[in-house]
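The values are calculated or read from the model by the stated rules, or taken from the named source; none is laboratory data. Because the structure is a prediction, the values reported are computed rather than measured. When we count neighbours, we look across all protein chains shown, and the Cβ atoms used for this are built from the backbone with ideal geometry, even at glycine. Note: areas computed on protein heavy atoms with side chains; ligands, DNA, RNA excluded. Shrake-Rupley method; radii C 1.70, N 1.55, O 1.52, S 1.80 Å.
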Amino acid sequence: GVHRQILFTTVGWFVGYYLTKRAEYIHAKVDRELLEYVRQHPEDFKAAEKRRIGELLEDFHPVR
């Protein structure tokens, strides 16, 4: 009955909360490791030269 629905809702909420927190922790850990690697190896991550928008887009040729 209703008591099972309340029980399953509560259990589902706690499991979802735990899985969300674990996913956030894992992503934060990966981000921290990547940023530390980038900080220790700046020669591998040089800043890209600035380009104008016209250099990025292809020329437009209308089709008739």
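With +1 assigned to the C-beta of every Lys and Arg and -1 to the C-beta of every Asp and Glu, and no other charges, what is the dipole magnitude of the chain about the Cα centre in debye, to the nearest 20? Don't jump to the answer; show the numbers that get you there.
Numbers: 11 positive and 10 negative charges, 81 e Å.
The dipole of the chain has a size of about 380 debye.
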Exercise. Share of the range 1-43's accessible area from carbon and sulfur, percent, 1.4 Å?
Worked result: 66 percent
Exercise. Leaving out ligands, DNA and RNA but keeping every protein chain, what accessible area does H61 have, in Å² rounded to the nearest 10, with a 1.4 Å probe?
Worked result: 140 Å²
Problem set entry | Proportion of all alpha-carbon pairs of the range 1-43 beyond 17 Å (%) | 55 percent
For this session: Mind pulling the angle between the C-alpha long axis of helix 2-40 and the longest principal axis of the chain? Nearest 10 degrees, somewhere in 0 to 90.
Result: 30 degrees
Exercise. Looking only at K50, K29, K21, which one moves most when the chain is put into a Gaussian network model with springs between Cα atoms under 10 Å?
Worked result: K50
